[in-house]
Number of protein chains: 2
Amino acid sequence: MATSLAEENYLKIIYRLSENTELGVSTNAVAELAQTKAASVTDMLQKLAEKGWVIYQKYQGVRLTPSGQKIALSIIRKHRLWEVFLVEKLGYNWDEVHEIAEQLEHIESESLIQKLDEFLDFPDRDPHGDPIPTRDGKMADQIYQPLSELKEKMDCVLMGVAKDSAVFLQLLTKLDLNLGAKITILEINSFDRSLQIQVNSASPIFVSHEVAKNILVKA
Amino acid sequence: MATSLAEENYLKIIYRLSENTELGVSTNAVAELAQTKAASVTDMLQKLAEKGWVIYQKYQGVRLTPSGQKIALSIIRKHRLWEVFLVEKLGYNWDEVHEIAEQLEHIESESLIQKLDEFLDFPDRDPHGDPIPTRDGKMADQIYQPLSELKEKMDCVLMGVAKDSAVFLQLLTKLDLNLGAKITILEINSFDRSLQIQVNSASPIFVSHEVAKNILVKA
DNA sequence: ATATTTTTTTAGTCTTACCTAAAAATTTAT
DNA sequence: ATAAATTTTTAGGTAAGACTAAAAAAATAT
């Protein structure tokens, strides 16, 4: 069955919100990410349920069916492959590609994605370190952990980010915190959980707990 | 002012229909290309006129204003650049790219098109030999002439096509009539104006007048 | 010059995806 | 356990872009 642009965006949002929890996703949570009103979300959830892409019961939140999940994963696959293209082939920075990929992810063509995948040499991570779902809808786990979970004196390598807003990524870039950066935790401030770290053996810098939470590293 | 997908497609169609004639474009002609009904076209023409992109007077047909033409040319530019990408970088054949480019042409990002143009090394023709409008909205003339206008015994090179439907392009490919093919006109049949031609010095073949009309060559 | 045919427009609906305001259900606080 | 606050749903509307049927204008034929 054909999916409209709006439907695809809803399925993608529901997928994202389902990643953390086993429970149903709330109407309000969807509304916030969709930048729309709760009433509109209720409308759409009913339509998605009729089409068999979500399980929806009034007041009980929503969860994806296998077919809904398959659609969501295919959108995410397209989004992430296009991001690789934009960065690797067109020379964009990692903070510039999200919005363009939001448009490109809705282009409909099986063969296009196959050829793009091949052209990019079958990448398995996007420029933010996120895994790219396979053609048959399997996505590797996020195997990296937030920098905020490490202890003092530990070394690690920056492998990804948990948030891809432009302002956040621009901050990281300014701090020389790019993919592959070597990080040493010098000290964790117990008062506000901010960290003093060393990036690629340069002079120490401070990052807030909020920032550290969104930096994914391999110990 | 922002343009919707539907508006962009109408402007593109009106541009195409204006290329041949100085007069206004008829409602029915637009309806046919837009694969919609005349009543829907009338609706849309009124909206486009309000936005200042076309001059429209009841029963008098429609023509593009400079701003409407600028939008149309930017869509055509995007369409043709994406076609070059699909053929040159992803390995598509020239008969497979039209529909995908119809989707890609609506992606909105100035920087994307600039970077794509650069990545493709600033092509000035698409895979069908059509000129690609420049960034500032100038399009080179179609400098090639239909094969059907040449005389017997003349030699020429295939530089483009005047029609990019998949069936037509597949026929050409089967006859080895690709971009750059060397053609010699052996004989023109005065009864039905069909031609006997030689392609790249192979054994002679016949092509109809209809086919010859849509093959563009450099003498 | 008038009648017929064709083209175009108007009028009234439909669907999608959104909205606001009000009602109902659920959750939280006392 | 009940009251208050919050969340969610329903009801009723709007705009874009399509549709059909009927009316009006223009073009063609007699």
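The values are calculated or read from the model by the stated rules, or taken from the named source; none is laboratory data. Quantities reported herein were computed from a predicted structural model and do not represent experimental measurements. Methodologically, a virtual Cβ is constructed for each residue, glycine included, from the backbone with ideal geometry; neighbour enumeration extends over all protein chains shown. Remember, those area values only see protein heavy atoms, side chains included, never the ligands or the DNA or RNA. Shrake-Rupley method; radii C 1.70, N 1.55, O 1.52, S 1.80 Å.
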- Other-copy label distances relative to B:Lys213, 7 angstrom Cα-Cβ extension, nm: 6.8
- Message: Can you work out the Karplus-derived ³J(HN,Hα) for every residue in the range A:22-28? Use 6.51 cos²θ - 1.76 cosθ + 1.60 with θ = phi - 60°, whole Hz, and x for glycine or proline.
- Response: 8, 6, x, 8, 7, 3, 4
- State, to one decimal in nm and shortest first, how far the label point of A:Ala49 sits from each corresponding label point in the other identical copies (label point: 7 angstrom along Cα-to-Cβ). 4.7
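For B:His209 and B:Thr21, what is the calculated FRET efficiency with R₀ set at 25 Å and r taken between the beta-carbons, to the nearest 0.05?
On the way: r = 22 Å, r/R0 = 0.89.
That gives a FRET efficiency of 0.65.
Let me have the relative contact order for chain B, percent, based on Cα pairs under 8 Å that are six or more residues apart. Please report the intermediate quantities before stating the final value.
Numbers: 325 pairs, mean separation 32.6, N = 219.
Dividing the mean separation by the residue count of chain B yields 15 percent.
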- A versus B: buried accessible surface, summed, Å² (probe 1.4 Å, to nearest 100): 1600 Å²
- Message: Among A:Asn200, A:Asn20, A:Asn178, which one shows the highest mean-square fluctuation when chain A is modelled as a Gaussian network with alpha-carbon springs under 10 Å?
- Response: A:Asn20
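Taking only protein heavy atoms and a 1.4 Å probe, what accessible area per residue, in Å², does chain B have with all protein chains in place? All intermediate terms of the calculation are to be shown ahead of the outcome.
Values: 11890 Å² over 219 residues.
Each residue of chain B exposes 54 Å² on average to a 1.4 Å probe.
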- Can you list the distances in nanometres, one decimal and ascending, from the A:Asp155 label point to the identical position in each other copy, with the point 7 Å along Cα to Cβ? 6.9
- Query: Compactness ratio of the range B:112-219: Cα Rg over 2.2 N^0.38 Å, N = residue count?
  - Reply: 1.19
- Per-residue HN-Hα couplings for the range A:82-93 [Karplus 6.51, -1.76, 1.60; θ = phi - 60°; Hz; x = Gly/Pro]: 4, 4, 4, 4, 4, 7, 6, 9, 9, x, 6, 8
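Could you tell me the convex hull volume per residue, in Å³, taken over the Cα atoms of the range B:50-169? If you can, show how the numbers build up before the last one.
Numbers: hull volume 18.9 nm³, N = 120.
With only Cα atoms used, the range B:50-169 gives 157 Å³ per residue.
Within chain B, what's the longest stretch lacking GluC sites (Glu not before Pro) that sit in DSSP loops with no more than 14 other Cβ atoms inside 10 Å? Display every interim value, and only then the final one.
Working: sites that count: B:Glu19, B:Glu22, B:Glu108, B:Glu152.
Maximal segment without exposed cleavage sites: B:23-107.
How much FRET efficiency would the formula 1/(1 + (r/R0)^6) give for A:Lys182 and B:Glu110, where r is the Cβ-Cβ distance and R0 is 45 Å, rounded to 0.05?
Working: r = 36 Å, r/R0 = 0.81.
It comes out at approximately 0.80.
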- Starting at the first residue of the range A:164-181, write each ³J(HN,Hα) from the Karplus equation 6.51 cos²θ - 1.76 cosθ + 1.60 with θ = phi - 60°, in whole Hz, x for Gly and Pro. 10, 5, 4, 4, 5, 5, 5, 4, 4, 4, 5, 8, 6, 8, 9, 3, x, 4
- Note on the structure: Taking alpha-carbon centroids only, the range A:1-58 lies from the range B:84-108 a number of Å equal to 32 Å
- Item | Estimated [θ] at 222 nm from DSSP helical runs (n ≥ 4, -39500 (n - 2.57)) normalised by residues in chain A, nearest 500 | -11500 deg cm²/dmol
- Item | Share of Cα-Cα pairs in chain A lying beyond 21 Å, as whole percent | 60 percent
- Message: Need the per-residue list for the range B:107-144: every residue with at least 50 Å² less accessible surface in the complex of protein chains than in the chain by itself, probe 1.4 Å, sorted by number.
- Response: B:Ile107, B:Leu112, B:Lys115, B:Phe119
- Of all chymotrypsin sites (Phe, Trp or Tyr not before Pro) in the range A:168-219, which ones are in loop regions per DSSP and have a Cβ with at most 16 other Cβ atoms within 10 Å? A:Phe191
- Message: On the principal axes of its Cα set, how long, how wide and how thick is the range B:5-64? Give whole Å, largest value first.
- Response: 24, 23, 21
- Note on the structure: Residues whose modelled amide H sits under 5 Å from the amide H of B:Ile215, counting only those 5 or more places away in sequence or on another chain, are B:Leu147, B:Ser148, B:Ala162
- Rule-of-thumb Rg ratio for the range B:77-140 [Cα; 2.2 N^0.38 Å; N residues]: 1.00
- Item | Tail beyond 31 Å, pair distance distribution of the protein assembly as shown (Cα, percent) | 57 percent
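Say R0 is 25 Å: what FRET efficiency, to the nearest 0.05, do A:Glu149 and A:Asp121 get from their beta-carbon distance?
In this case the efficiency is close to 0.20.
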- Normalised contact order of the range B:62-118, rounded percent, pairs of Cα under 8 Å and 6 or more residues apart: 39 percent
